[in-house]
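Reading through the structure tokens given below for one structure.
The values are calculated or read from the model by the stated rules, or taken from the named source; none is laboratory data. Small disclaimer: the values here were computed from a predicted structure and weren't measured. For neighbour counting, all protein chains shown are included, and Cβ atoms are generated from backbone atoms with ideal geometry for every residue, glycine included. These accessible areas exclude ligands, DNA and RNA; they are computed on the full protein's heavy atoms, side chains included. Shrake-Rupley method; radii C 1.70, N 1.55, O 1.52, S 1.80 Å.
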Amino acid sequence: MGDDEARSWIRGDETAKQMLSRVLKDRAFLLIPPLHRVPLRAGNVVEITGASTSAKTQILIQAAISCILPKTWNGIHYGGLGKLVLFLDLDCRFDVLRLSQMLKHRLLQANWLGNGAWWQLEESNVKSCKSAEEKTKTVFDEELYASCMKRFLYVRCYDSLELLSSLKTLHYRIQQQEACGSQVGVLMIDSIGAFHWTDRLSSSLALETHNRKSLSLTNVVETIVQELKKLLLVHSLVVLATKGTIYKEKYPANENNRKVSSNDHFSGNVASKAQQPPFREFMPSSWQAFVTHKIIIRKSADYQSLQTGQQNLLAYSLEWLQPQLSRIDRFIVDDSGIVIVS
């Protein structure tokens, strides 16, 4: 950098065109339902909390597909972001076939070829087509499918030390992808509290004094947060992290109405409960301060499928705690993915 360039950088002067290009590059974007209520910007950290089997990973897959799909392809509108997804699997239960299934369904849906039935994608049905014209109506763009899957980077971690090692190497991986013309959009962590009990046990063991601090639960989480902050400072991305509830909810809320006793009105418990999460927080304060958006997912009543008239699908309710929204979305999970029902 020359002297003139250094002085201009220090002064910080820029033209209106430069300012607009910088602002629009990191503009807020909306993900598809059920994460569509709040626009997210680079640097946001969204925590998705829910009990086991509450469709948290399904939400991550849905958001990942929205990110890796392009906005348009060969004149067809797909409505995606065309960016990379970094997926850190801490539960070690990620189903790549589920990701492939939902992605293929989105490709067919964008081409007005899928009606929500997965049987159209089966190879046997494609081979049984009577004509070449009919066959083209049941297949999807293989080149687009391959390019989307290449934008999904998957990393599996078995303990907190592997997670820290992966975070330290993510900067190099992102630089490699950006050198090839790809930009990272979302970093996903599933699930952030997976090693909670293991780290607590490690910190309670009789260790030497100089090793005890490095292996403590609080120190490990603080180091993880520091590494994530370094990534957010250098790269323009959003963090989506799921977190399971290991304790029973304090005061589960009804999605239709919230009944409060008259004693609570006079004692001021209503205001305090509105500010506190409805679940018992177990993550250290360093992580809690790092999170900018919070979502809680609860199991709801069964939903009667309108398509089959027979299948009962489990429904879930999604509520934004930070920022606090009055609207609660209710959704189901079928072969096509997540579907909002109310």
With respect to Gly43, determine if the residue is open to solvent by 10 Å² or more (accessible area, probe 1.4 Å), modelled with pLDDT under 90 and not in a strand (DSSP E or B).
no
Taking helices (runs of 4 or more DSSP H) that do not extend beyond the range 245-342, which have at least 1 residues that are open to solvent by less than 40 Å² (accessible area, probe 1.4 Å), at pLDDT 70 or above and among the acidic types (Asp, Glu)?
none
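Against the definition (surrounded by fewer than 21 Cβ atoms within 10 Å (Cβ to Cβ) and farther than 27 Å from Gly181 by Cα), how does Ser100 come out, yes or no?
Working: surrounded by fewer than 21 Cβ atoms within 10 Å (Cβ to Cβ): yes; farther than 27 Å from Gly181 by Cα: no.
No, not satisfied.
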Of the listed residues (Ser236, Ser202, Ser216), the one being within 15 Å of Trp287 (Cβ to Cβ), surrounded by 11 or more Cβ atoms within 10 Å (Cβ to Cβ) and at pLDDT below 90 is Ser216
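Please count how many residues of the range 39-65 are of a type outside the set (A, V, I, L, M) and within 12 Å of Phe152 (Cβ to Cβ).
If we filter the range 39-65 for residues that are of a type outside the set (A, V, I, L, M), which is where we start, we get 39, 41, 43-44, 47, 49-50, 52-54, 56-58, 62.
Subsequent filtering for residues that are within 12 Å of Phe152 (Cβ to Cβ) retains none.
Residues flagged as of a type outside the set (A, V, I, L, M) and within 12 Å of Phe152 (Cβ to Cβ) within the range 39-65 amount to 0.
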Among helices (runs of 4 or more DSSP H) entirely inside the range 55-156, those with 1 or more residues being modelled with pLDDT of 85 or more, closer than 30 Å to Ser191 by Cα and of a type in the set (A, V, I, L, M, F, W, C) are 56-68, 96-110, 142-150
